[in-house]
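K.L.:
Below you'll find the structure I mean.
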Amino acid sequence: MISETFQRDLIAVQDELLRYAYKLTMDHDEAHDLLQETSLKALDNQDKYTPDTNFKGWMYTIMRNIFINNYRKTVRDQTFVDHTDNLYHINLPKDSGFESTESAYDTKEIRRIVNALPREYRVPFAMHVSGFKYREIAEKLSLPLGTVKSRIFFTRQRLQGQLRDFVR
């Protein structure tokens, strides 16, 4: 049975959660799906919520975790692992067997921009792109977790600005 306070709090936070969901997904339909999934998860786990604590924070955390898990699942589903002998599929030539001059230039330019970043930003970003978790990066580089997260965030922002011309 849903307690009246829990139900009232859940309804009251819906608009703010929808804005947050849109900020995460940048798509109206996906934002509504994320909001619905978050609300259902909160209802399923109502017994885990401690009354008189930050309900909105609890809901934001649920939404963020669902978004991250969905993102990781999407990336994992799109990853192709070649289990054939001699990596047959990976070693197949591309369309014509040669890389186009344009794509070679793009790759070279992207590498140049990434390598031009200051080392304190480039290293955590490279580790993150390679699959390390924030906590692992923080431990390996002996940095606070917040510092690692902010450096990766700022590096992404900077790269998005500089690589705007390369998005097709």
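K.L.:
Restricting the search to region 1-53, which residues are over 17 Å from F67 (Cβ atoms) and part of a loop (DSSP other than H, G, I, E, B)?
P.N.:
M1, I2, S3, Y49, T50, P51, D52, T53
K.L.:
Could you check region 120-131 and list, in sequence order, the residues that are more than 13 Å from F154 (Cα to Cα) and open to solvent by 70 Å² or more (accessible area, probe 1.4 Å)?
P.N.:
V129, S130, listed by residue number.
K.L.:
Next up: Search region 136-148 for residues that are free of Cβ contacts under 8 Å to residues at least 40 places away in the same chain and pair each with any residue that is open to solvent by less than 50 Å² (accessible area, probe 1.4 Å) and not in a helix (DSSP H, G or I) when their beta-carbon atoms are under 8 Å apart and the residues are at least 6 apart or on different chains.
P.N.:
The qualifying pairs are I137/L143.
K.L.:
Residues that are at pLDDT 90 or above and under 15 Å from the mean Cα position of the chain (by Cα): which helices (runs of 4 or more DSSP H) entirely in region 54-130 hold 2 or more of them?
P.N.:
55-78
K.L.:
For region 149-168, name all the residues that are hydrophobic (A, V, I, L, M, F, W, C) and over 15 Å from the mean Cα position of the chain (by Cα).
P.N.:
Result: L159, L163, F166, V167.
K.L.:
Report whether or not R135 is open to solvent by 60 Å² or more (accessible area, probe 1.4 Å) and either aliphatic (A, V, I, L, M) or within 19 Å of L117 (Cβ to Cβ) (or both).
P.N.:
Criteria not met by R135.
K.L.:
While we're looking at this one, here's another question. Mind counting the residues in region 17-59 that are touching a residue at least 40 places away in the same chain (Cβ under 8 Å) and more than 16 Å from Q7 (Cα to Cα)?
P.N.:
4
K.L.:
OK, next. Taking region 21-38 only, how many residues are among the polar types (S, T, N, Q) and either open to solvent by 60 Å² or more (accessible area, probe 1.4 Å) or over 13 Å from the mean Cα position of the chain (by Cα) (or both)?
P.N.:
Qualifying residue count for the region: 2.
K.L.:
Now a separate question. Which of the residues that make up region 138-168 are of a type outside the set (A, V, I, L, M), open to solvent by 70 Å² or more (accessible area, probe 1.4 Å) and either within 24 Å of R76 (Cα to Cα) or outside any helix (DSSP H, G or I) (or both)?
P.N.:
S142, P144, K149, F153, R156, Q157, Q160, R168, listed by residue number.
The values are calculated or read from the model by the stated rules, or taken from the named source; none is laboratory data. Just so it is clear, the model here is predicted, and its values are computed rather than measured. All Cβ positions, even for glycine, are placed from backbone atoms using ideal geometry, and neighbour counts span all protein chains on display. All accessible areas refer to the heavy atoms of the entire protein, side chains included, with ligands and DNA or RNA removed. Shrake-Rupley method; radii C 1.70, N 1.55, O 1.52, S 1.80 Å.
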